[in-house]
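The values are calculated or read from the model by the stated rules, or taken from the named source; none is laboratory data. Keep in mind that what you see is a predicted model, and the values were worked out from it rather than measured. No Cβ is skipped: glycine too gets one built from the backbone with ideal geometry, and neighbour counts run over all protein chains shown. These accessible areas exclude ligands, DNA and RNA; they are computed on the full protein's heavy atoms, side chains included. Shrake-Rupley method; radii C 1.70, N 1.55, O 1.52, S 1.80 Å.
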Amino acid sequence: MAPVERLGPDRLYRRCDPDLFDFETTAELDGANDFVGQPRALAAVHFGLGIAGAGYNLFALGPTGTGKRYFVEHFLAEQAARQPVPDDLCYLNNFAEPNKPRALLLPAGTGVGLRADLNHLMEEVSSVLPAAFETEEYQARLHAIEDAFKQRSASRFEEIQERAQAQGIAMRHTPAGVMFAPLGDGEVLSAEAFEQLAEEEQQRLRDDIEALQQEVQKVLREMPGWERERRVRVRELNREISDFAVGPLIDELRVRFSDYPAVVAYLDTVRQDFVDNARQLLQAKEQAPDQATAGAARASGVVPLLRRYQVNVVVDRGDASGAPVIFEDNPSYPNLLGRIEHLAQMGALVTDFTLIRPGALHRANGGYLILEAHQLLQHPFAWEGLKRALKARQLGIEAPQGSSLISTVSLEPERVPLEVKVVLLGDRSLYYQLSAVDPEFLELFKVAADFDDVIDRSDEGQRRYANLIAALIQGQELRPYDRSAVARVTEQGARMAGDADKLSAHTASLTDLLREADYWAGEAGNSVVAADDVQRAIDAQTYRADRLRSRHQEGILRNTIYIDTDGAKVGQINGLSVIQVGAFAFGRPSRITARVRLGKGEVVDIEREVDLGGSLHAKGVLILASFLGAHFGSEQPLSLSASLVFEQSYSGVDGDSASAAELYALLSAIAEVPIDQSFAITGSVNQHGEVQPIGGVNEKIEGFFDLCKARGLSGEQGVVIPASNVKHLMLREEVVEAVAADRFHIFPIETIDQGAELLMGLPMGGRDAGGAYPEGSLSHRVEERLTVFAARWKDFAASTARTTGS
């Protein structure tokens, strides 16, 4: 097998040529964001907004910071600008059922006009009504009604009195009522005088008095009817006067809003209520004349009588152009679906239609609503309320089920049609979780706009990336960037993507870098940001975040953490892992050791045994054990036990990126062949011995390089990586320079066989036609040792059997 060729410096870092760009600075670019690298998401959003039908709402999924919200808002703004402005939403008093306010939809801006006209009407009525009830005509007609009632009752009693006098009976009005007594010579007879009358006369007088009493009772029974008739006539008079005073004002409004039948119908009910409650309105005005007594008036119930004619403009679109695009950053149930406020009154909470407040769905109705999915799900009832509204395609305002205020009077506002496109923003895991646990989710959010976190790095892709950079610069009002700075940012975009052929779409991190490079340009007194300013920003970001990395390296240099970078050891190898601290990641060398002994073919993962190893790491150990059995256990059992461990590991180990290193350590321990400690290795291995790609290859290489540099580069040190990771390399400049000067090396391998000679100085070797491994190969050394183990195990088993039999 040919020796592994080390990588040249040209394969460690893919540069961006500034001459690729046809501008001097980003000030020459228009900054129009064509959403570079998101064709799939763009197509999904375009489809979701264009298609009609229930359930075609969108879920924009992708990593946080990829600019989903900016993309969606920008696209929706363009779409909404071409659409008509939706109606205003008003709530009006329902005079028949005050607890069920009526909804009124009016063309944009009309609601405010109606409210102003109704307020002006109230002012006019407040002046016209008192004047109408103070006219001489009204007073004369009212007195006429009162006099007619009094004359009617008086005439009836006069008739009774005349009849009594004709019968010799006196009628007297006393505090106890009307009383009758017999007369004699014009005087009321005493009891003694009455007894002296003839029996027949006494009986006649008694009969006449009883008849008169019955006549009086009849009149008294008729008087309530006369009173009702009087009140009716007074009420009719008041209605006539009120209608005469208010009617022309209402008619003027009816003409003004004649194009809106719902408004005309409402004005008719207002007119009727004015006419029916004119006197109460006058009393309300007298009892609550100014703001100073408004609180007391509200508590007494007077103010609601005056407020009943107001117009509650819940959503005013008078200043809008196009359909609304609303982002609700706190999507609680009330903020989303509206709320009904309450006032404290006599120990209870009461409300009316003027205290109805809109939610984001009301404001977005007829347009688009954008919500952060995880924020929505954090608020009780909000998710269920949103789904209920979308399914019903109607929007009401009500307290969520299961939550109510004690001692309250609430409302049931009339529902309105709901026509809105909802866009949820979230990461992929949340989208898939909702898809799995909520059967209604995919019915209501049929369109998934999947935002990619990387962009292809073609020449055209880099030019479009430059335009994205210009858009971010202009959006942040930063200094212009020259071509070299844009090229350096592009290179860093590839580093952020972890792939030389890709660019990061994480616009949040990109914007941070642009802003910080602008700061350093300002510190240097530059009017244009150059590549040096970008590099200074990158270095400063690293310096601020690398305390833990520095402490770990210090621990190695002070021999607190044991890592060898020279010499050779049996069963010991340098593995590489990545530590993520917030947004900063760095590579950490780790010593991996293997020990073998006589046993039954077990490979013990010590990390797993003490619950410090994750399932993926355990899987990697099982795979290398399978590789060992396939290569050396076909003719004889593996009569050994082996143990693998990450030395000085006190947290957790997961992932299979160390499985290649663990296999080499195990082969070294079995064959008793030392491993060159000048190397570190990363890569996973499958059952066929193929070395597979891993993540964080740049950080891992740089982690071992930093340690070797601190101890002094010998020219022998290097890192072994999977060949499939070469396309991901975007290493720091000092690493590339060290490789170019032959002071550090990077070797790509495709199989375990390729790395064996590099690490242990022996070829791996394959079986010949007779099934034997060649002399001097690593495989031959391993098989010889395993044969010894097998023989010893056989002898041990036989000896044990003899001892047991005896």
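Among (1) among the basic types (K, R); (2) touching a residue at least 40 places away in the same chain (Cβ under 8 Å); (3) open to solvent by 50 Å² or more (accessible area, probe 1.4 Å), which single condition is R317 missing?
The single condition R317 does not satisfy is (3).
List pairs: first residue in segment 39-54 and farther than 20 Å from Y465 by Cβ, second residue charged (D, E, K, R) and open to solvent by less than 60 Å² (accessible area, probe 1.4 Å) anywhere in the structure, Cβ distance under 8 angstrom, at least six positions apart or on different chains.
From segment 39-54, the pairs are A44/D450; G48/K421; L49/K421.
Any idea which of (1) open to solvent by less than 20 Å² (accessible area, probe 1.4 Å); (2) of a type outside the set (D, E); (3) out of contact with any Pro (no Cβ under 7 Å at 6 or more places or on another chain); (4) within 25 Å of N559 (Cα to Cα) is the one A680 doesn't satisfy?
Of everything listed in (1) open to solvent by less than 20 Å² (accessible area, probe 1.4 Å); (2) of a type outside the set (D, E); (3) out of contact with any Pro (no Cβ under 7 Å at 6 or more places or on another chain); (4) within 25 Å of N559 (Cα to Cα), A680 misses just condition (3).
Rundown of residues vs (1) surrounded by 20 or more Cβ atoms within 10 Å (Cβ to Cβ); (2) at pLDDT 90 or above, yes/no style:
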| residue | (1), (2) |
| --- | --- |
| S550 | no, yes |
| L557 | no, yes |
| K569 | no, yes |
| Q572 | yes, yes |
| G575 | yes, yes |
| Q580 | no, no |
| A585 | no, yes |
| R591 | yes, yes |
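If the requirement is being open to solvent by 40 Å² or more (accessible area, probe 1.4 Å), in contact with a His (Cβ under 8 Å, 6 or more places away or on another chain) and of a type outside the set (F, W, Y), which of these qualifies: D459, D453?
On the way: D459 fails: in contact with a His (Cβ under 8 Å, 6 or more places away or on another chain).
Exactly one of D459, D453 is open to solvent by 40 Å² or more (accessible area, probe 1.4 Å), in contact with a His (Cβ under 8 Å, 6 or more places away or on another chain) and of a type outside the set (F, W, Y), namely D453.
Out of segment 593-628, which residues are of a type in the set (D, E), outside any strand (DSSP E or B) and surrounded by 17 or more Cβ atoms within 10 Å (Cβ to Cβ)?
E607
Pull up segment 401-420, narrow it to residues that are closer than 17 Å to R102 by Cβ and either β-branched (V, I, T) or out of contact with any strand residue (DSSP E or B) (no Cβ under 7 Å at 6 or more places or on another chain) (or both), then point me to the one that is modelled with the lowest pLDDT.
So in segment 401-420, the residues closer than 17 Å to R102 by Cβ come out as 410-417.
Filter again for either β-branched (V, I, T) or out of contact with any strand residue (DSSP E or B) (no Cβ under 7 Å at 6 or more places or on another chain) (or both), leaving 412, 416.
Details: E412: 90, V416: 95.
Among those that are closer than 17 Å to R102 by Cβ and either β-branched (V, I, T) or out of contact with any strand residue (DSSP E or B) (no Cβ under 7 Å at 6 or more places or on another chain) (or both), it is E412.
Report, by residue number, each residue of segment 289-311 that is modelled with pLDDT of 65 or more and either hydroxyl-bearing (S, T, Y) or open to solvent by 20 Å² or more (accessible area, probe 1.4 Å) (or both).
The first filter runs over segment 289-311 and keeps only residues modelled with pLDDT of 65 or more, leaving 305-311.
Within segment 289-311, L305, L306, R307, R308, Y309, Q310 qualify.
List pairs: first residue in segment 706-719 and more than 20 Å from G755 (Cα to Cα), second residue β-branched (V, I, T) and in a helix (DSSP H, G or I) anywhere in the structure, Cβ distance under 7 angstrom, at least six positions apart or on different chains.
Going by the 7 Å Cβ cut-off, the qualifying pairs are L707/I556.
Select from segment 484-512 the residues that are among the aliphatic types (A, V, I, L, M) and assigned to a helix (DSSP H, G or I) and list them in ascending order. Break it down stepwise before answering.
Keep residues of segment 484-512 that are among the aliphatic types (A, V, I, L, M), which gives 485-487, 489, 494, 496-497, 500, 503, 505, 508, 510.
Scanning segment 484-512 gives A485, V486, A487, V489, A494, M496, A497, A508, L510.
How many residues does segment 448-462 contain that are touching a residue at least 60 places away in the same chain (Cβ under 8 Å), over 28 Å from the mean Cα position of the chain (by Cα) and not in a loop (DSSP other than H, G, I, E, B)? Steps first, please.
In the first step, residues of segment 448-462 are kept if they are touching a residue at least 60 places away in the same chain (Cβ under 8 Å); the result is 448-457, 459, 461-462.
Add one more test, that the residue is over 28 Å from the mean Cα position of the chain (by Cα), and what stays is 456-457, 459, 461-462.
When the remaining residues are screened for being not in a loop (DSSP other than H, G, I, E, B), the result is 456, 459, 461-462.
Summing the residues that are touching a residue at least 60 places away in the same chain (Cβ under 8 Å), over 28 Å from the mean Cα position of the chain (by Cα) and not in a loop (DSSP other than H, G, I, E, B) in segment 448-462 gives 4.
Among the numbered conditions (1) within 20 Å of I579 (Cβ to Cβ); (2) surrounded by fewer than 19 Cβ atoms within 10 Å (Cβ to Cβ); (3) free of Cβ contacts under 8 Å to residues at least 60 places away in the same chain, tell me where S724 comes up short.
(1)
Could you please find all residues in segment 463-483 being in a helix (DSSP H, G or I) and open to solvent by 40 Å² or more (accessible area, probe 1.4 Å)?
Matches in segment 463-483: R463, R464, Q474, G475, R483.
For D456, state whether it is acidic (D, E) and touching an Asp or Glu at 6+ places or on another chain (Cβ under 8 Å). It would help to see each step written out before you state the result.
Working: acidic (D, E): yes; touching an Asp or Glu at 6+ places or on another chain (Cβ under 8 Å): yes.
Criteria met by D456.
Does Q541 satisfy being at pLDDT 90 or above, under 36 Å from the mean Cα position of the chain (by Cα) and over 30 Å from P774 (Cβ atoms)?
Values: at pLDDT 90 or above: yes; under 36 Å from the mean Cα position of the chain (by Cα): yes; over 30 Å from P774 (Cβ atoms): yes.
Considered against the rule, which asks whether it is at pLDDT 90 or above, under 36 Å from the mean Cα position of the chain (by Cα) and over 30 Å from P774 (Cβ atoms), Q541 comes out as yes.
Answer with yes or no whether L343 is open to solvent by 30 Å² or more (accessible area, probe 1.4 Å) and of a type outside the set (V, I, T). Let's see the steps before the verdict.
Numbers: open to solvent by 30 Å² or more (accessible area, probe 1.4 Å): yes; of a type outside the set (V, I, T): yes.
In short, yes.
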